[in-house]
Structures are given as C-alpha cells and as structure tokens.
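The values are calculated or read from the model by the stated rules, or taken from the named source; none is laboratory data. None of these values were measured; they are calculated from a predicted model. No Cβ is skipped: glycine too gets one built from the backbone with ideal geometry, and neighbour counts run over all protein chains shown.
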C-alpha cells in the first residue's frame, strides 16, 4: 500500500461568464532539488474526483439550472486566485500541464442533465507527477450559470522520490 493522502480545493462559478482559478499550494510535498545524495521529491496524483454542487446547499445543481463550463486541474504557475484571462487552447487534454478535467452542462431540463463528462484524468497505474510548488483548479464558464455552483476536487496522491533523469524530464514538461 502506498502512503496515499488526500488534498482538496474548490472554486465557485458565480453567474457570469469568465475564467476563475484557485491555487493549491504543494510546497510542503514537492522538492525538485536533489541535494547531496538525496533525490528530488514529486507529488504523484493518482486520481482526481470532481464534485459539482449548488453553491448554497449540500445538493446537486438544480435540474432547472442553465449554463456550461469546463473545469480542470493544471500544473501551471503564475495564475492568480480569482478571475483572470486564460489564453486560448490551454484547458484541454492536449496540454502537458493538464492533470484532469470535466465538462459541465446545465440545460434547464426538468429531468436533469448528463453528469459531468470527465475528459481527462490520471490513472492508478500512471499517475501525473507534479514537480512544481502549486497546481491550480480552473473553471472556464462559457455560458453563464443561472445559479452559482461549486466545483470541488479531491486528489488521491502520494509523495514519490525521483531519479535525476525523471526529475529533469518532468521539469522540462511542466515549464511554461
């Protein structure tokens, strides 16, 4: 059994379009500098659980709600908490910095809408290993939500020791 632990964060969509972010500080778990005979340490993320709830209660977003957004967890730096402008074509599975992501559709149907569609996630066999001091949860609201929603994430992760070659490769991949 790995020494798995959990981290979590969340972001609230509000009722307008735009992009919002919430950083999660990982500096206590990541040390990419190999010193003397010790190796660098990264954070292996094995699973990301997304939960989208109504902002003012412990319930799913109401079936009558409308709006769409894409949310994702990225290993990216220099993104401020709160509203910001995201450059085009970043929040997708083709980005090396993307760890996990979902699409959320609220079409206002009485029967409810499809569950959030997960388009990317790490696996237990091949985790995403972070070697940066932070990850960021981003929600890009493309059609304004009629009600605020909270995007919650829970990460299943473990600290891992990295040899120099692997550490160098990860640092190159995770540098913007």
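Residue check: is residue 98 buried (at least 18 other Cβ atoms within 10 Å of the Cβ), under 17 Å from residue 11 (Cβ atoms), without any contact (Cβ under 8 Å) to a residue 60 or more places away in the chain and touching a strand residue (DSSP E or B) at 6+ places or on another chain (Cβ under 9 Å)? In short, yes.
I'm checking my understanding of the structure. Among residues of the stretch 106-133 that are at pLDDT 90 or above and not in a loop (DSSP other than H, G, I, E, B), which one is surrounded by the fewest Cβ atoms within 10 Å (Cβ to Cβ)? Of everything passing the filter in the stretch 106-133, 117 is surrounded by the fewest Cβ atoms within 10 Å (Cβ to Cβ).
Of 85, 68, 41, all but one fail to be under 22 Å from residue 115 (Cα atoms) and in contact (Cβ under 8 Å) with a residue 12 or more places away in the chain; the exception is 68. Flag not set for residue 91, criterion: crowded, with 17+ Cβ neighbours inside 10 Å, at pLDDT 90 or above and under 21 Å from residue 46 (Cβ atoms). Hey, could you check the stretch 114-165 for residues that are out of contact with any strand residue (DSSP E or B) (no Cβ under 7 Å at 6 or more places or on another chain) and without any contact (Cβ under 8 Å) to a residue 24 or more places away in the chain and say which is farthest from residue 53 (Cα to Cα)? Restricting to residues being out of contact with any strand residue (DSSP E or B) (no Cβ under 7 Å at 6 or more places or on another chain) and without any contact (Cβ under 8 Å) to a residue 24 or more places away in the chain, the top hit is 165. Selection over the stretch 134-176 of residues that are crowded, with 20+ Cβ neighbours inside 10 Å, under 27 Å from residue 85 (Cβ atoms) and modelled with pLDDT under 90 gives a count of 1. Only one of the numbered conditions (1) modelled with pLDDT of 90 or more; (2) crowded, with 17+ Cβ neighbours inside 10 Å; (3) under 30 Å from residue 124 (Cα atoms); (4) over 17 Å from the mean Cα position of the chain (by Cα) is violated by residue 14, and that is (3). Restricted to the stretch 1-83, the set of strands (runs of 3 or more DSSP E) holding at least 2 residues that are over 19 Å from residue 100 (Cα atoms) and touching a strand residue (DSSP E or B) at 6+ places or on another chain (Cβ under 7 Å) comprises 40-54, 66-74. The residues listed here are 96, 88; of these, the one that is in contact with a helix residue (DSSP H, G or I) (Cβ under 9 Å, 6 or more places away or on another chain) and either part of a loop (DSSP other than H, G, I, E, B) or under 30 Å from residue 164 (Cβ atoms) (or both) is 96.
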